[in-house]
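Participant: Once you've had a glance at the structure underneath, I'll fire off some questions.
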Amino acid sequence: MMDLRGNRAYAERAFRGLAGGAAGLVLLILGLIAVTITKRSLPVFRHMGVDFFTTSRWSPADLLFGALPFVWGTAFTALIALLIAVPISLGMSLFMTQVAPPSVRRPMVYMMDLLAGVPSVVFGLWGVLVLSQYFDLGRSFLTAGIILAIMIIPIITSLSREVIETTPPGDKEGALALGATRWEMINAAVIPHSAGGLVGAVMLGLGRAMGETIAAALVIGSALGQITVNPFAPGNSMPAVIANEWGEADTLHKSALIALAVTLFVITIIVNLIATGIVQRSMKRSRGT
């Protein structure tokens, strides 16, 4: 009996050690990434100062590195992607959870999982071959936004579906028992319960859209200095310019590209922290704590 208790205690300590080590390893890797890229970006920050974020001229030959157009391009294409993806994703998640029979829901879930696993370069090439040519959109902010929307729809749909499925059946049945239609039940019971989680799903999709590299690089147009609200104009984004210029960059140019990565890293962390906070607050509210 004593041996059995000793073995269980040893297994418990081993499990805690492994789990703590795995969590610590993730934090260590994240810290090493942050320290390394921040250190490599310091030369351009010393060279440009605040002008790195506030100017729009990007000319490596003249040692001028203004990141503002790339920050704008990243935010603009992500906004276009959200405007397209959010209504479609929420509609699909509501259809799969509230309307579709199991025989229809299962294939749709499978297709969403399959779509999420398609490599981003495939979406980018499809955008070049189909959207740019046959739909005459060219390589532009809009083309990049549409491709990013297609890529984040599976993420937002899957997360939204899981959030909506946590709605207590009693709330839905109560609304229906009071004579509400299906839409009135969704509006009165499902959406209020899931609102925080849905916002979190959208924020995670936003983080994915802002960080996408290859697909955006293929379809955005690679134009320098573009700060415009015209969606049909070519532009550029932080991930795209890093992918396009890294191979031919010298020391300070590489430092500028790494500084773009640092900027994107910080923005993505902020977006994910906001999403995590919203989801946790929603979960506490749903539990009544």
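Participant: Could you tell me which of the residues Val44, Val71, Val121, Val109 is modelled with pLDDT under 90, of a type in the set (Val, Ile, Thr) and closer than 22 Å to Ser222 by Cβ? Lay out the reasoning, then the answer.
Facilitator: On the way: Val44 fails: modelled with pLDDT under 90; Val71 fails: modelled with pLDDT under 90; Val109 fails: closer than 22 Å to Ser222 by Cβ.
Selected residue: Val121, the only one of Val44, Val71, Val121, Val109 that is modelled with pLDDT under 90, of a type in the set (Val, Ile, Thr) and closer than 22 Å to Ser222 by Cβ.
Participant: Hey, can you tell me all the residues within the stretch 42-57 that are assigned to a loop (DSSP other than H, G, I, E, B) and surrounded by fewer than 13 Cβ atoms within 10 Å (Cβ to Cβ)?
Facilitator: From the stretch 42-57, those assigned to a loop (DSSP other than H, G, I, E, B) are 49-50, 55-57; that's our starting set.
Selection gives Gly49, Val50.
Participant: Please report, ordered by residue number, the helices (runs of 4 or more DSSP H) entirely within the stretch 171-289 with at least 3 residues that are more than 22 Å from Ile84 (Cα to Cα) and touching a Phe, Trp or Tyr at 6+ places or on another chain (Cβ under 7 Å).
Facilitator: Working: elements: 182-185, 191-211, 214-219, 238-245, 251-287.
It comes to 251-287.
Participant: Go through the stretch 135-158 and report how many residues are more than 16 Å from Gly211 (Cβ to Cβ), buried (at least 22 other Cβ atoms within 10 Å of the Cβ) and of a type in the set (A, V, I, L, M).
Facilitator: Number satisfying all stated conditions: 2.
Participant: Tell me, please, whether a residue that is assigned to a helix (DSSP H, G or I), open to solvent by 50 Å² or more (accessible area, probe 1.4 Å) and of a type in the set (Lys, Arg) can be found in the stretch 24-39.
Facilitator: Step one: of the stretch 24-39, the residues assigned to a helix (DSSP H, G or I) are 24-39.
Adding the requirement that they be open to solvent by 50 Å² or more (accessible area, probe 1.4 Å) leaves 25-30, 32-33, 35-36, 38-39.
This time we only want the ones that are of a type in the set (Lys, Arg), so: 39.
For the stretch 24-39, residues assigned to a helix (DSSP H, G or I), open to solvent by 50 Å² or more (accessible area, probe 1.4 Å) and of a type in the set (Lys, Arg): present.
Participant: In addition: Assess whether Met108 counts as being in a helix (DSSP H, G or I), more than 21 Å from Ser140 (Cβ to Cβ) and open to solvent by 40 Å² or more (accessible area, probe 1.4 Å). Break it down stepwise before answering.
Facilitator: Numbers: in a helix (DSSP H, G or I): yes; more than 21 Å from Ser140 (Cβ to Cβ): yes; open to solvent by 40 Å² or more (accessible area, probe 1.4 Å): yes.
The answer is yes for Met108.
Participant: Something else now. Can you name every residue in the stretch 220-232 that is buried (at least 17 other Cβ atoms within 10 Å of the Cβ) and at pLDDT 90 or above?
Facilitator: So in the stretch 220-232, the residues buried (at least 17 other Cβ atoms within 10 Å of the Cβ) come out as 220-222, 226, 231.
Across the stretch 220-232, the qualifying residue is only Pro231.
Participant: Give the stretch 115-142 a look and list any residue that's in contact with a Leu (Cβ under 6 Å, 6 or more places away or on another chain) and either polar (S, T, N, Q) or assigned to a loop (DSSP other than H, G, I, E, B) (or both), or say none.
Facilitator: As a first pass, look at the stretch 115-142 and keep what is in contact with a Leu (Cβ under 6 Å, 6 or more places away or on another chain): 124, 128, 131, 137.
Within the stretch 115-142, just Leu137 meets the criteria.
Participant: Regarding Ser89, is this residue part of a helix (DSSP H, G or I) and more than 28 Å from Asn230 (Cα to Cα)? Spell out the reasoning first.
Facilitator: Numbers: part of a helix (DSSP H, G or I): yes; more than 28 Å from Asn230 (Cα to Cα): no.
Judged against the criteria, Ser89 is not a match.
Participant: Within 19 Å of the chain's Cα centre (by Cα), at pLDDT below 85 and open to solvent by 20 Å² or more (accessible area, probe 1.4 Å): is that true of Gly211 in this structure? Walk me through it before giving the result.
Facilitator: Working: within 19 Å of the chain's Cα centre (by Cα): yes; at pLDDT below 85: yes; open to solvent by 20 Å² or more (accessible area, probe 1.4 Å): yes.
Criteria met by Gly211.
The values are calculated or read from the model by the stated rules, or taken from the named source; none is laboratory data. Just so it is clear, the model here is predicted, and its values are computed rather than measured. Backbone-built Cβ (ideal geometry, glycine too); neighbour counts: all protein chains shown. Heads up: the accessible areas ignore ligands, DNA and RNA and are worked out on the full protein's heavy atoms, side chains in. Shrake-Rupley method; radii C 1.70, N 1.55, O 1.52, S 1.80 Å.
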